[in-house]
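See structure below.
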Amino acid sequence: MSEDATPEPGTVYLVGSGPGDPELLTLKAKRLLEEADFVLHDKLPGPKIIELLPDDRRQDVGKRAHGNRTPQWEINERLVELSREGKRVVRLKGGDSFVFGRGGEEAAYLAEHGVPFEVVPAVTSAVAAPGVAGIPVTHRDHASSVSFVTGHEDPTKPESTVNWEALAETGGTIVVLMGVTRLPQYAQALIDGGLSPETPVALVERATWPGQQIATGTLETIVDVRDEVGIEPPAITVIGGVAGTRESVVDFLRNDYSQSGEGVSND
Ligand code: SAH
């Protein structure tokens, strides 16, 4: 599809919404949302973007009754079904669909079922959440590499696929997604792996949403900070020297979100 063509009937657009501020949608995402016949989304695009979607052309597949998640196979089948009805379908995900967004599974399923699709990349919260907090994920003096990691798994379980010890050795910046609940376990795993307990850490909750919160500490203090400030998902954890640079810029850092609840800075 060329840049300004209208979306094709029967095509599925795997669209990332960015972190939540509607102005951080790409122009392409915005146009596709306006022109789509149907949008399947979950909660992660955030309230401001979801309220832009017309109620009669959207379905929230994030949660069903009784707090259960819609199983992935059901979402996959729905995408195929809508495509076969000749609809122009947007599958909207928070951040970028291909960063911990299961976009790859949906793409594979669509390909298997002969459904044409397009991937529309977006601003991932893994970079945007640190960014709005004044934290660059790389910095010439602090980090020449960055790792994006899921914090969803229990690091003390042998089946954990994240090698925290290796991450501690690699250094650079570690950005943890889905990492609020298991923060105590992986903070400890990183200290056990050799990172200093003094390593700076920042938590950024609901980046660019109303009610954004930012809290800072160290590997040793961050669990208490999380509890004091009341950081809840969705939040990003940034670990490494870069998290410490926020302090030197924060007095001059302006963004449109922080008035709705800047968390305490605890050093
Ligand atoms: N595809 C998404 C990530 C999905 S995994 C992306 O690229 O951003 C879900 C996790 O994303 C959440 O647990 C949280 O860690 C992170 N996340 C997504 N949006 C966020 C936001 N606005 N603020 C903070 N964290 C966010």
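Taken together, the values in this text are just the output of simple stated rules run on the coordinates, not laboratory data. Remember, it's a predicted structure, so these values are computed and weren't measured experimentally.
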Residues with amide H under 5 Å of Gly10's amide H, sequence separation 5 or more or different chain, H placed in the peptide plane at 1.01 Å from N; which?
Gly86, Lys87, Arg88, Val89
Kindly write out, for region 22-30 in residue order, the coupling ³J(HN,Hα) from the Karplus curve 6.51 cos²θ - 1.76 cosθ + 1.60 (θ = phi - 60°), rounded to whole Hz, with x marking Gly and Pro.
x, 6, 9, 5, 6, 4, 5, 4, 4
Whole-Hz ³J(HN,Hα) for each residue in region 6-18, computed from phi via Karplus 6.51 cos²θ - 1.76 cosθ + 1.60 with θ = phi - 60°, x for glycine and proline: what do you get?
6, x, 8, x, x, 9, 9, 9, 8, 10, x, 9, x
On C-alpha positions alone, give me the angle between the axis of helix 72-84 and the longest principal axis of the chain, in degrees, nearest 10.
30 degrees
Helical contribution to [θ] at 222 nm, DSSP H n ≥ 4, -39,500 (n - 2.57), averaged over the chain, rounded to 500
-7500 deg cm²/dmol
